[in-house]
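For reference, the structure discussed in these notes is given below.
The values are calculated or read from the model by the stated rules, or taken from the named source; none is laboratory data. Because the structure is predicted, anything quoted here is derived from the model rather than measured. A quick note on method: Cβ atoms are made from the backbone with ideal geometry, for glycine too, and the neighbour counts reach across all protein chains shown.
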Amino acid sequence: MIQPEVVDVFYRWNGQYEGVAFCMYADILGLATTGVGNLIPLAVALVLPWKHPDGSPASEGEIEDAWNKIQGNMEAAKRGADYACTLTDLRLSREGVEALVQDRLDQNAVILAGRFPQFPDWPADAQLAVLSMAWAMGAGFKFPKFEASIKAGDFRAAAEESAINATGNPGVIPRNKENKRLLVAAADLWDNGGDFSRLSFDYSRLPEPRTFGEPAPGGDGGSDTRIPWTEIAIGAALGAAALAVVAPGVLVQIVAPAVAGVDAVRDAVKNLLLGGRRGRLQPGKRRFLRAEVREHGRAPRVVLDLRR
């Protein structure tokens, strides 16, 4: 689905804008984050393969304690990832971060292909630009003019509507510039023909991204690379729903990714809501009292009864 050259360069290409953190840190809003700008609600943090410096795995309680030190810590948000890395010794390995990045990249591609049916056939330049936008804003970003242009195959017009709001977040300015350059290159290929599988610019010599924290020992190809993405995707959605301002007793509906299918989503919801972590996924006093997974086209729909 993703052009191979995009997959090959994405970790370093995206890392030049985000850096790579092997620890937990707070983003500009004070939200717990790790890897290459990967937001980690508690439900997500709990299923990642965190380790101590000696390589021993962290317990669930240790992960939650570390997360609580970061989440909402505006001092850590202000002082940056270098400082946040001093607040806890839990780390991901390089392999773990690469797997997390690849899994999210694949997940975003599936969502984008659902929104833009021609996505698999786009030039690599366009795929990289839109995957970049999805990384920064989420794959469900709402840019009506951009969406209309790109669905029509007008990459040049889409380039003019691709800028992410940089107010309070000047770090997206170079990303915006490169996204636009890629979309213009895609327009040239789309109009004039060429090799859609190749990127128009040579990113092969990009330096290693700036890193924060020492990576945990890894390299055995074991649990570090087997990220339970279905639980992560659903956990992130549940965390977002719990943070939403909703009235008591309302039903919250989430259209879950279709990658793993209904049964896998049902198992993930059961594990996250009805298992040992019940009551700890949601901030404050919100609780999901009922969870149900229904068919919704190709994607499962998670229906949650959210009450105070």
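Some notes on this structure:
- Pairs are defined by a Cβ separation below 6 Å, a sequence spacing of at least 6 or placement on different chains, a first member in region 125-152 that is over 20 Å from I28 (Cα atoms), and a second member that is among the aromatic types (F, W, Y); the pairs so defined are A126/F155.
- Selection of region 89-114 for residues being of a type in the set (D, E, K, R) and outside any helix (DSSP H, G or I) yields D89, R91.
- Residue count for region 104-137, restricted to those that are under 20 Å from A159 (Cβ atoms) and not aliphatic (A, V, I, L, M): 12
- D191 being assigned by TED's automatic domain parsing to the domain that holds P49, in a helix (DSSP H, G or I), of a type in the set (D, E, K, R) and closer than 30 Å to I70 by Cα: no
- Of all residues in region 197-215 being at pLDDT 90 or above and among the hydroxyl-bearing types (S, T, Y), the one that is surrounded by the fewest Cβ atoms within 10 Å (Cβ to Cβ): S197
- Candidates are the residues of region 158-174 that are assigned to a loop (DSSP other than H, G, I, E, B) and not small (G, A, S); the one that is modelled with the lowest pLDDT is N169.
- The residues of region 185-196 that are exposed (fewer than 12 other Cβ atoms within 10 Å of the Cβ) and among the small types (G, A, S) amount to a single one, G193.
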